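The values are calculated or read from the model by the stated rules, or taken from the named source; none is laboratory data. Here the structure is a predicted model, which means the values were calculated and not measured. Reconstructed Cβ throughout: ideal geometry from the backbone, glycine too, with neighbour counts over all protein chains shown. These area figures cover heavy atoms from the full protein model, side chains too; ligands, DNA and RNA do not enter into them. Shrake-Rupley method; radii C 1.70, N 1.55, O 1.52, S 1.80 Å.
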Amino acid sequence: MQGTSDILGHERTIEHLWATANRDALHHAYLFEGPKGIGKHTLALRFAMAVNCEQEGSRTPMKTPCGTCDACTQILMGNHPDVITVEPEAGRASRII
């Protein structure tokens with residue numbers, strides 16, 4: 001599992017998110033918004049995995065999620081009880097939520 005090295009162009013956002021998590025100042029929700037194809041979904045999943053990863057030593061300071069623990073696997077499969085993704089319906093004419 002890669003950390004954020006494969007995510008291009010979001011250095012300030014990544015730095016801010018990881019710093020917030022390391023200060024234990026997470027918010028109840030995050031909104032990732034912008035044009036299609038810029039990595040919002042990838043960054044959101046990677047952040048959720050990093051925050052919830054159960055691998056020893058992965059939390060403080062936040063490191064690369066393992067991608068194999070129960071939490072990481074559930075997030076990747078879209079069924080982690082604490083991670084909810086809201087997206088527009090694929091078949092709708094309007095892509096607005």
Query - Alpha-carbon gyration tensor eigenvalues x 5, square-rooted, for the chain, Å - result: 23, 16, 13
**Report entry** Sequence-separation-based contact order of the chain, relative, with Cα cut under 8 Å and 6+ spacing, percent
**Finding:** 24
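How much length would be gained if the chain were fully extended between Leu8 and Thr42, taking 0.36 nm per residue of separation minus their Cα-Cα distance, in nm to one decimal? All intermediate terms of the calculation are to be shown ahead of the outcome.
Working: separation 34, 0.36 × 34 = 12.24 nm, distance 1.08 nm.
Working it through step by step, the gained length comes to 11.2 nm.
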Requested in this report: Above 18 angstrom, tally the Cα pairs of segment 1-50 and express them as a % of all pairs, no decimals.
Outcome: 26
**Report entry** Rough spin-label spacing in nm, given labels placed 7 Å along Cα→Cβ, for Ile84 and Thr68
**Finding:** 3.2
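Express the accessible area of the chain per residue in Å², computed with a 1.4 Å probe while the remaining protein chains stay in the model. Each step should come with its number before you reach the end.
Details: 7050 Å² over 97 residues.
Each residue of the chain exposes 73 Å² on average to a 1.4 Å probe.
Out of the total accessible area of the chain (probe 1.4 Å, heavy atoms of protein only), what percent is carbon and sulfur?
On the way: 3630 of 7050 Å².
After summing per-atom areas, the C and S share lands at 51 percent.
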**Report entry** Net charge dipole size for the chain [Lys, Arg +1 and Asp, Glu -1 on Cβ; Debye, nearest 20]
**Finding:** 280
